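Here the structure is laid out as structure tokens; the discussion comes afterwards.
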Amino acid sequence: MPGQAIPPPCSFLQVGQAFTGIQNVSNSQKEEAWKVNVRLQGCDIQHGYLCGSMEALNVPSAETPVVTFWEGQIVDNRNYTFFTGQWDASPDTDVKHWSKFSSFLPLSDTVERDGGRSLDLATYPSIFMRWKEKFFVNVGADCGLTIAGFYYVCFSRNNGAVQGFYYDPNSSPFQKLDLKATNEGRAGASFASYQFQ
Amino acid sequence: MPASAVCTKPEDLVESLSSLDTSARLKALRDVKNQIIGNKTKKLSYIKLGAVPRVVEILASDTDIPLLVQSAAAVGSFACGTDAGVKAVLDSGVLPHLLRMLSNGNNKVVEASARSLKMIFQSTLAPKNDMFQGRRIDLILALLNSGNENVSEVAASVLARCCETSEHQKALADAGCLQSLVFLLSGSPKRKEAALDALAALTRGNPDTSAALAATGAVSTIIRTMKDKSPRARLLACMCLSNIGRACHNNYQQEWDIRKSILSTVGKLIDENGQVGEEAPGVLADLVANNEELQKTAFDFNIIERLAEAQCSIAMALGHESEGVRIAACACIKSISRSVKNLRTTLTDERLVWPLFRLLNDPSPAVQASALSAVSNVVLDFTPHKAVFFQCGGVSQLIQLALSMEPMLRLNAVWALRNLLYLADMSVKEKVMRELTVSTLVDLVCDSEEMVQEQALAFVRNLVYGSVASVQQIFAADAAILHAVERQLCVATRPEICTQALYVLSNVAAGNEYHKDAVMDFVAPALTGDRSVSILIKFLLDMSNPQLRVAAVWCISNLSFPESPGVGTRVARLRDAGIQLQLQKMFDDPCTDVKDRVKTTMEQFLCTDQMTSNTGQSVSCRLHPSAALTLSHSSWRSVLAARRKLYCCSNGAANRDAKVKLRAAPWSCGVVGSTMIIYLGGLHVPLSYSGLSIVSTMLSSDCGLDPQVKAISLVVLQSAELCGAVWLIESSIRQFDTRLTCMSFDQMLSGRRGCLLAAVIALSSVILSALAKPGTSVYLENNHYDPALKELLASGGVSLCATVAVCCGITPLLEEFVYRGFVLTSLAAYASPPWAIITSSLIFSLVHFKAPEETLWRDQLVSLAHLVMTEQPRAEVGKAALWRAGDTVGHQRCVAYVEGLGCLLLLCSQLLHKEGKNKRTY
């Protein structure tokens, strides 16, 4: 897939950017929601890679805030495609989850036909990603939350809004993540930066 | 004679080494050799006794084969395993003799000499340059081609150790060494290793010899060797291939596959014990250096993780005595640390971090530079090392290096400081700045090297990232740093520098009002008369680099941030500086990010305009109290309009905080309450309620005042109350920084049908109520609660004019100003419109509460009419207000302004009857 252009940079996809919002679990047994803070720690659009930390506050089943470290794949048809191909996700699962995003609907036919490899995603107003939590930062694995699955994520270039659906065959289906880019209370946007040597 | 042999003292033995008797010499040699083998103490004592020169003497001068064999073997024993031994044999000048012996006709002599040479060259003390003097190189070459495996192996090992400079490499390659070595690859495992070792040495960092080796066609043999049984052979093969690969891109087929197999081979070798395992990380670092693809592949192979498991060996390597090993270890950490994940996991080991930080003080500049690169990754925010770094004086050391005359060291030190400040908390920033000082930072921002400038600006950007306190730091020492950044923006040409500088400004502009204004003074100086074009335009126009445009637009976006008090002035100034015009041209920018940011910023400009029109009226309100009535009307409407606008904007531009909060009330919540109490207690009650009795007391008239005096007094009292109220409210006005809670306006504002309908109903009800009574004037004439008014109106021209002025002018003006302009506007800022209306009506009703003998139905109508005419919400709101407020309390809002505002007919009829329309009593 080297022919595909990589997505152009976006102000809200830079290291240090903070997001805040909620995660919802709603099914027949329970209806829960908790606050989630996310911060991007690393971003390498060239390789379709990003990573960051995710903090879940007021989780009913956990005593303290839970911080995890996650790594992400950007669906750019260059490094990664719409089909996950790992983490127990079949192409059917992929399509089912992607289709939950309204901005995916115009693409869904093509994706179902040929995996959407021909699509030019670089100029699309949304960026599709997968975020996979790798480890717990501040607590042990028995904290009441699981990181076995991963998030299908739709990110809006325009305002940095993030929508996500969690997929884990053993957890409640379609747990929803809703985040917005935040200034963290400042009277304007502030940008930090670092660079590896 | 076994007894005597055993009893021979070492001194005697040494003495016997120089015996004239050949057999005695031979016996002594054997004895010495046998005693020192594997015994370090004996070795040292014989060295002390001067045995080595005597042994070498035998080698140099004797021709007897057994003697030569034994002396060569003894030299080897001395040199084996101890540096003191190596030093002793070298000092006695053994090398030329040993080399000469390699050409001896006797095989035993040759092998013994070869072994000894090997022992010597295993040590780091072995001479290197010596071997390239005179004809020795030819000798070694000849030995390399020797039929004796041991000899050629030794020659190859000697080459591997001695070949250090590119001159050596070139000389040896020119002499045909490569071909000979390639031939040796097919020999015994030992010889193969030696040959590979030599080949690796010959090609290390040298594209010419690497290419020459590739040209010999040996590559396929070496590739096969990567699967050799011996780990050392595998490692050496990888080294050779890595050298070739670096030198000759695309020189051979499946280059990429080979690179990957090299990588996987080296990756596995990390797990080996001993020397191979220790050397493998260095080879790996060398292999993946400056090759992103390979680094990624290394990542895929989990090599990094395996490396991290080998961190003990890296930690040891960091403290190794050899400079090269220390550099390789640093390079290795640098490679591992290029991943956030590793920084958060494997690199949290203090055993690695402490020795690394210590290497910043290394005496060798090359090691310092290498350590610096690794440190600059390791100090990033995700790691818990910052505290450790401070403890061991790392910051001071970095700052020292940042002052270095060596540009590379300076660059890397500033780079490390910049990474250190990434998302750092205030205490870290303060500590660093205390040691670095403002003046040094200014010097670095204006450094002679552009790369250093860029990193210094990025440092400032991280310094001012975050809280207001962080931003404040750039204003230290008369804002020297800010001015330096601004200077760079004016003169710098490299886009990378300008981008960093613009982000500095943008971060400063995310601070408080003072900070924003400081940035304003640079990007849009407030000039008298002539309007200059903003410096930002230059970057907005720069089509070469979208990053520059993005940074510039963010700067503007932060300056026009809707929640800040001085935003109106700033937007006006930005517009004067030509920014808005330029932004409008950028709606179709080829870069999506720029386009999105421009759109958001323009929406902020628009919203600010709406808000400003409101603010402007509040200001003029202050100047012309008489205009308060009309102003408070339009002010309220413009607030609503602005809100609606903002609400729409916020739908479209939700990048702002989740709820758009805006301020429309120039009064804070607490001030509204206290102002009302002061107004009622200090102005309204004394002047409106007891004003006339005070006047009559002052004029000492017991039987009531003359109607004319009464009327004029009313004018004076009401005017005084009006002026007082205006002054009071205006003095409590404040800068716009109130936060309003978000409300749902669409419900309130959509559709006007309800308002019109309600207005019609209300008016017809009022008219009907008047007509229902006998005579149209009944409603007015039988104004049972104000007979006094009738008296005033009937007693002459002056009295009539004054009363009309009071009732139709001053009082409505006052009440409009206080209750609608002030109370309602303020309440609407903190509550939803229906509640604001109801509450303000309640307050009004309570203040003007009258005895309940009033006819309730009329008051309800009046109330309805009033609400509908003035606030224009939907009819439901009016009704709600009516039933809740009007029904319970005698709501007496006067019909006067129902008529005054909308019902000309009624007004005319009232004037015609020369009756006051006002039912309000004093």
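Details
- Within the stretch B:501-513, if we keep just the residues that are part of a helix (DSSP H, G or I) and within 8 Å of chain A (Cβ to nearest Cβ), the residue that is farthest from B:Gln547 (Cα to Cα) turns out to be B:Ala509.
- Odd one out for B:Arg358 among (1) within 14 Å of chain A (Cβ to nearest Cβ); (2) open to solvent by 30 Å² or more (accessible area, probe 1.4 Å); (3) out of contact with any strand residue (DSSP E or B) (no Cβ under 8 Å at 6 or more places or on another chain); (4) over 28 Å from B:Val504 (Cα atoms): (1)
- Selection from the stretch B:135-178 of residues that are under 22 Å from B:Glu111 (Cα atoms), surrounded by fewer than 22 Cβ atoms within 10 Å (Cβ to Cβ) and touching a Lys or Arg at 6+ places or on another chain (Cβ under 6 Å): B:Glu149
- Filtered by the rule that a residue be in contact (Cβ under 8 Å) with a residue 24 or more places away in the chain, under 25 Å from B:Asp64 (Cβ atoms) and among the aliphatic types (A, V, I, L, M), the stretch B:26-54 gives B:Leu26, B:Leu29, B:Val32, B:Ile36, B:Ile37, B:Ile47, B:Leu49, B:Ala51, B:Val52.
- Residue count for the stretch B:476-499, restricted to those that are open to solvent by less than 20 Å² (accessible area, probe 1.4 Å) and of a type in the set (S, T, N, Q): 2
This table checks each residue for (1) assigned to a loop (DSSP other than H, G, I, E, B); (2) not charged (D, E, K, R).
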position: B:Val367; (1), (2): no, yes
position: B:Val388; (1), (2): no, yes
position: B:Ile399; (1), (2): no, yes
position: B:Ser404; (1), (2): yes, yes
position: B:Arg410; (1), (2): no, no
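- Looking across the stretch B:561-579, the residues that are surrounded by 19 or more Cβ atoms within 10 Å (Cβ to Cβ) and more than 9 Å from chain A (Cβ to nearest Cβ) come down to B:Pro562, B:Val567, B:Gly568, B:Arg570, B:Val571, B:Arg573, B:Leu574, B:Ala577, B:Ile579.
- Listed by position, the helices (runs of 4 or more DSSP H) contained in the stretch B:2-74 that have at least 2 residues being under 26 Å from B:Met101 (Cα atoms) are B:10-17, B:22-36, B:40-48, B:51-61.
- Within the stretch B:461-487, the set of residues being part of a helix (DSSP H, G or I) and either of a type in the set (Asp, Glu) or within 11 Å of chain A (Cβ to nearest Cβ) (or both) comprises B:Arg461, B:Asn462, B:Leu463, B:Val468, B:Ser470, B:Val471, B:Asp478, B:Glu486.
- Hey, B:Val432 farther than 25 Å from A:Gln17 by Cβ, part of a helix (DSSP H, G or I) and either touching a helix residue (DSSP H, G or I) at 6+ places or on another chain (Cβ under 8 Å) or open to solvent by less than 10 Å² (accessible area, probe 1.4 Å) (or both) or not: no
- First in the stretch B:76-97 and at positive phi, second anywhere and open to solvent by less than 10 Å² (accessible area, probe 1.4 Å), Cβ under 7 Å, 6 or more apart: B:Gly93/B:Val56
- Screening B:Thr493 with (1) over 22 Å from B:Asn512 (Cβ atoms); (2) in a helix (DSSP H, G or I); (3) more than 14 Å from chain A (Cβ to nearest Cβ) gives one miss only, at (2).
- Any chance B:Lys516 is of a type outside the set (Ser, Thr, Tyr) and within 14 Å of another protein chain (Cβ to nearest Cβ): yes
- Among residues of the stretch B:192-217, those that are more than 18 Å from B:Gln122 (Cβ to Cβ), over 45 Å from the mean Cα position of the chain (by Cα) and aliphatic (A, V, I, L, M), counted: 6
- Flag if B:Asp208 is buried (at least 20 other Cβ atoms within 10 Å of the Cβ), on the phi < 0 side of the Ramachandran plot and assigned to a helix (DSSP H, G or I): no
- Residue ID - farthest from the other protein chains (Cβ to nearest Cβ), chosen from residues in the stretch A:115-135 that are out of contact with any Phe, Trp or Tyr (no Cβ under 8 Å at 6 or more places or on another chain) and open to solvent by less than 70 Å² (accessible area, probe 1.4 Å): A:Leu119
- Of all residues in the stretch A:141-197 being out of contact with any Ser or Thr (no Cβ under 7 Å at 6 or more places or on another chain) and charged (D, E, K, R), the one that is surrounded by the fewest Cβ atoms within 10 Å (Cβ to Cβ): A:Asp142
- Among the residues of this structure, B:Leu417 counts as one that is within 14 Å of chain A (Cβ to nearest Cβ) and modelled with pLDDT of 85 or more.
- Residue that is least open to solvent (accessible area, probe 1.4 Å) [pool: residues in the stretch A:22-49 that are within 13 Å of chain B (Cβ to nearest Cβ) and closer than 19 Å to A:Asp178 by Cβ]: A:Leu40
- For the stretch B:98-111, a residue qualifies if it is in contact (Cβ under 8 Å) with a residue 40 or more places away in the chain, in contact with a helix residue (DSSP H, G or I) (Cβ under 7 Å, 6 or more places away or on another chain) and not in a loop (DSSP other than H, G, I, E, B), and the qualifying residues are B:Leu99, B:Met101, B:Lys108, B:Val109, B:Val110, B:Glu111.
- Selected residue (criterion: farthest from A:Phe196 (Cα to Cα)) from residues of the stretch B:354-382 that are within 24 Å of the chain's Cα centre (by Cα) and of a type in the set (Gly, Ala, Ser): B:Ala371
The values are calculated or read from the model by the stated rules, or taken from the named source; none is laboratory data. In this text, all values refer to a predicted model and were calculated from it rather than measured experimentally. A quick note on method: Cβ atoms are made from the backbone with ideal geometry, for glycine too, and the neighbour counts reach across all protein chains shown. Just the protein is used for accessible areas: all its heavy atoms, side chains included, with ligands, DNA and RNA removed. Shrake-Rupley method; radii C 1.70, N 1.55, O 1.52, S 1.80 Å.
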